[in-house]
Structures are given as structure tokens and as C-alpha cells.
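Please read the structure below before turning to the comments.
The values are calculated or read from the model by the stated rules, or taken from the named source; none is laboratory data. Because the structure is predicted, anything quoted here is derived from the model rather than measured. Please note: Cβ atoms are built from the backbone with ideal geometry, for glycine as well, and neighbour counts cover all protein chains shown. Each accessible area value is taken on the protein alone, full model and side chains, heavy atoms only, with ligands, DNA and RNA left out. Shrake-Rupley method; radii C 1.70, N 1.55, O 1.52, S 1.80 Å.
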Amino acid sequence: MNKRCAVIGGSGFLGRHLVEKLLDRGYSVSVFDIRQIYVLPGVTFHQGDLCDRQALLPALKDVSLVFHCASPAPASDDRGLFERVNIQGTRTVIQACIEAGVQKMVLTSSASVVFEGTDIKNGREDLPYAKKPIDYYTETKIEQEKLVLEACDKEKGFLTVAIRPHGIFGPRDPQLVPILVDTARRGKMKFIIGDGTNLVDFTFVENVVHGHILAAERLRPDSPACGKAYHITNDEPVRFWDFMSEVLVGLGYAAPRYHLPYFLVYGLALLLWLLALILRPLVSFKPTFTPMRVALAGTHHYYCCDRAKQDLGYKPVVGLKDGITRTVQSYPHLRKGA
Ligand SMILES: NC(=O)C1=CN([C@@H]2O[C@H](COP(=O)(O)OP(=O)(O)OC[C@H]3O[C@@H](n4cnc5c(N)ncnc54)[C@H](OP(=O)(O)O)[C@@H]3O)[C@@H](O)[C@H]2O)C=CC1
Ligand SMILES: CC(C)CCC[C@@H](C)[C@H]1CC[C@H]2C3=C(CC[C@]12C)[C@@]1(C)CCC(=O)C[C@@H]1CC3
């Protein structure tokens, strides 16, 4: 097996951390992404849309291993875009991999594929997929994961595995910390949704990268990982509101203090989302408190990663406290008053 791999979505938050670690481990990397934002020795860039098979093929030349971690951001809430990229695009990626002779594919799925807005405590991989996914992002991540796992074919020599991270955070994350700070700056982070005791997984990006590389290296025809999904977390569930408060206080903002009933906020978020949908042809506005975010903020959702420990030898490499400190330090421009 050669040490040349491709990272589809390699310009993104997770993708770029993955590329950096792969280079450290002696891989040469071909990055395929819709945008190019950095240059690194050992990396060749291919800019394009993953729905375009002809654009993908040159990036997969002489590559034995592909990581697929591209997706539109959940905040886009654009059904057509999610279907095109996460479903049709993933079909195209699989076809292109087979055509190019790629032997292994690691998909970045999401633990949210089983989340329907109700409590999940220590959820295992055998939980059924969400029957009523809360948003289009989740709906299409479910279809994407099914496509990739079903494509695993030992006879053809094409092996697949899916990693399901949850709540990835770390330096350069364009989502969690920036949205949190923006909400705080607009004076909207004063309230705790629910009683504030709900436990959640937040996973430091380097642990997610570690899980991906272990899965890739352990994926062989005789491995239990073939065609399977794995939760990758920090294995340290934390109260959602303690985590938010720690990040906010670390950046100089006040922690939320006042409580609001969960079902009231969820109902309002649903109403706002519907209103935004109806008015979309006339005015465009994106509510901060979407039904998905409210559900994530007010329920338990933490997952068991025993399967990854057993089959992949996974163990988090960075603890939660350390991860939060490193994350807070990496955002000097988002500090209060900066
Ligand atoms: N962040 C999180 O908490 C979690 C993320 N995940 C999954 O992890 C993966 C990586 O997420 P993350 O790093 O946060 O996301 P990012 O948005 O930072 O990275 C995704 C990258 O894919 C690119 N991309 C999007 N559409 C296409 C396309 N059609 N063709 C080529 N490239 C494309 C994006 O470009 P552009 O920015 O221009 O769209 C971006 O560079 C995703 O699959 C996501 O579903 C799973 C669980 C949790
Ligand atoms: C406005 C506040 C109530 C919340 C601000 C923080 C949120 C932006 C984030 C808290 C949990 C995060 C999360 C994701 C995105 C960012 C948060 C909602 C995901 C939806 C990203 C994609 C996934 O696959 C699952 C993630 C779950 C946790």
C-alpha cells in the first residue's frame, strides 16, 4: 500500500487538520476542495466540485486511500445543495474512487445521523438512523453514510468505513466558536435553554483526526471495521452550558445565567424557521436559534466509543480541558474588545 492519499474537503476545518497530521506521518497528500486557502509542501491541490467526476479523477491518480470530509455547512440550510453534494456528490466520489483504483475510503459522517431531538445517553452505533431528522443536513448525512457503507466490497478490493464525530471544536473552526461569539456580541447569550444539566459530547479536532487515521490504517479485508460506522468522541461528556460558558468566559464574555423553558424556545425556533422558509422569496434572514441548535442545546446527546476503542485501538489524545484552553487561545481576534 503506497502512502499517497487524497483528502476531499481538505481546505475545511477538519480536512486541513487531517492533512497536517497525515504529512507528519509521512503521507503525501492530494487535496480536492472547492476552494484553496493554503499551500503546504507535500500537498498537491485540485480545485473543483466533488459532483464533477472528471474534476475528481486527476486528484485520485496513484492514490490508494481517500478521506471524504467535504460537506456544505449545516448553517446553509439549503436542501438542494445538501442533496446535490452529500448524496449525488458522494455517489460520484465512490464511482470515481472505484474507477481510479482506490482501495480504501474513510467517510466523515456524523453522530447526528441518529439524533431526532430527544435524549441520547451513551448512544451506540447500533441505534437506528433518525426517522425524522431535524434538518436537511442530517437527512443527507444519513443517506451519505448508507451509500458509503454499502459500497464496501471485499471482492472488488474497495473497503469503506465511516467515522461519526460529534461537536468538533478546535483552532480554525469556522462554526462553533465564531457563532457563539457572534451570538454573545449581539447580546443573545444571556439565557440557558432548559435546566442546563444536559450532557453532550464535544470533540477536540485532533481526536477526530486520530480516529480517522486509525480507521484508515486498520481497514483491511479481515478487519471488523469494513463497512462499519464508529463514534469518535472525547469520551468526556460535559454539560452543554458548562462548555459554552467556559469558552465564553475564556474569551472575556459573560456566561449565560437566566433559564428559559426548553419547549418554549424550541417552539419559537420552529416558528421562526417556518417564517424564514415562507418569506424566502421576498426577504432572506437566518435565525440564530434554529430548531437543530435549540435541540442540541437542550437535550442529552453523548455517545459511547467502545467500538472504536475495541476495533481501532482508539483513545482520545487530547483531553477536554486542554482542548478548550488551546481553542480559546487560538481566537485572539474573537476576544471581547478585540
Ligand atoms: N464540525 C462539526 O462539528 C462536525 C462535522 N462533521 C462532518 O465533518 C466534515 C468536515 O466538517 P468541517 O470541517 O466542520 O466543515 P468545513 O465546512 O470546514 O469543511 C468542508 C469543506 O468541504 C468543502 N466543500 C463543500 N462542498 C464542496 C463540493 N461540492 N466540492 C468540494 N468541496 C466542497 C467546503 O468548502 P466551502 O467552505 O466553500 O463550502 C470546505 O472547504 C463534514 O462532512 C461534516 O459533515 C461531522 C460531525 C460534526
Ligand atoms: C446559539 C447557541 C444556542 C449555540 C451556539 C453554538 C452552536 C453553533 C454549536 C453548538 C453545538 C454545535 C454542533 C454543530 C454545529 C455548531 C453547534 C450547533 C453540528 C450540528 C455540526 C455538524 C454535525 O454533524 C453535528 C454538530 C453537533 C454540534
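Sort out for me the helices (runs of 4 or more DSSP H) sitting completely within segment 254-338 that have 3 or more residues that are of a type outside the set (A, V, I, L, M), within 16 Å of ligand 1 (Cβ to nearest atom) and under 25 Å from the mean Cα position of the chain (by Cα).
Here the list is empty.
If the requirement is being of a type in the set (S, T, N, Q), at pLDDT 95 or above and within 15 Å of ligand 2 (Cβ to nearest atom), which of these qualifies: THR299, THR288? Let's see the steps before the verdict.
On the way: THR288 fails: at pLDDT 95 or above.
Among THR299, THR288, only THR299 is of a type in the set (S, T, N, Q), at pLDDT 95 or above and within 15 Å of ligand 2 (Cβ to nearest atom).
Residue by residue through segment 194-216, note down the ones that are closer than 18 Å to LYS321 by Cβ and either charged (D, E, K, R) or in contact with a strand residue (DSSP E or B) (Cβ under 6 Å, 6 or more places away or on another chain) (or both).
Scanning segment 194-216 gives LEU199, VAL200, ASP201, PHE202, THR203, VAL205, GLU206, VAL208.
Please work out which one of (1) open to solvent by 10 Å² or more (accessible area, probe 1.4 Å); (2) within 16 Å of ligand 1 (Cβ to nearest atom); (3) of a type outside the set (Val, Ile, Thr) is the condition ARG239 fails and give its number.
(2)
Which one of these is touching a Phe, Trp or Tyr at 6+ places or on another chain (Cβ under 8 Å) and aromatic (Phe, Trp, Tyr): PHE82, PHE13?
Criteria check complete, one pass: PHE82.
At positive phi, touching a residue at least 12 places away in the same chain (Cβ under 8 Å) and more than 16 Å from ligand 2 (Cβ to nearest atom) - does that describe any residue in segment 77-86?
Keep residues of segment 77-86 that are at positive phi, which gives 77.
Imposing the further condition that a residue be touching a residue at least 12 places away in the same chain (Cβ under 8 Å) reduces the set to 77.
If we keep only those that are more than 16 Å from ligand 2 (Cβ to nearest atom) too, we end up with none.
Scanning segment 77-86, I find no residue that is at positive phi, touching a residue at least 12 places away in the same chain (Cβ under 8 Å) and more than 16 Å from ligand 2 (Cβ to nearest atom), so the answer is no.
If I ask for residues that are in contact with a Gly (Cβ under 9 Å, 6 or more places away or on another chain) and hydrophobic (A, V, I, L, M, F, W, C), which ones from segment 296-338 would you list?
LEU296, ALA297, CYS304, CYS305, ALA308, LEU312, VAL318, ILE324, VAL328, ALA338, listed by residue number.
Anything in segment 210-231 that is of a type in the set (A, V, I, L, M) and in contact with an Asp or Glu (Cβ under 8 Å, 6 or more places away or on another chain)? List them, or say none. Write out each step before concluding.
Quick first cut of segment 210-231, residues of a type in the set (A, V, I, L, M) only: 213-216, 219, 225, 229.
Hits for segment 210-231 are ALA225, ALA229.
Looking only at segment 62-98, filter to residues that are more than 10 Å from ligand 1 (Cβ to nearest atom) and at pLDDT below 95; which one of those is surrounded by the most Cβ atoms within 10 Å (Cβ to Cβ)?
ASP77
Would you pick out the residues in segment 179-206 that are farther than 19 Å from PHE115 by Cα and within 16 Å of the chain's Cα centre (by Cα)?
ILE179, PHE204, VAL205, GLU206 - these are the residues of segment 179-206 that are farther than 19 Å from PHE115 by Cα and within 16 Å of the chain's Cα centre (by Cα).
Looking at segment 242-263, which of the residues that are free of Cβ contacts under 8 Å to residues at least 60 places away in the same chain and aliphatic (A, V, I, L, M) is surrounded by the most Cβ atoms within 10 Å (Cβ to Cβ)? Explain how you work it out, then say what you get.
Residues of segment 242-263 free of Cβ contacts under 8 Å to residues at least 60 places away in the same chain: 242, 245, 249, 255, 263.
Pick out the ones that are also aliphatic (A, V, I, L, M) and you get 249, 255.
Working: VAL249: 12, ALA255: 16.
Out of the qualifying residues, it is ALA255.
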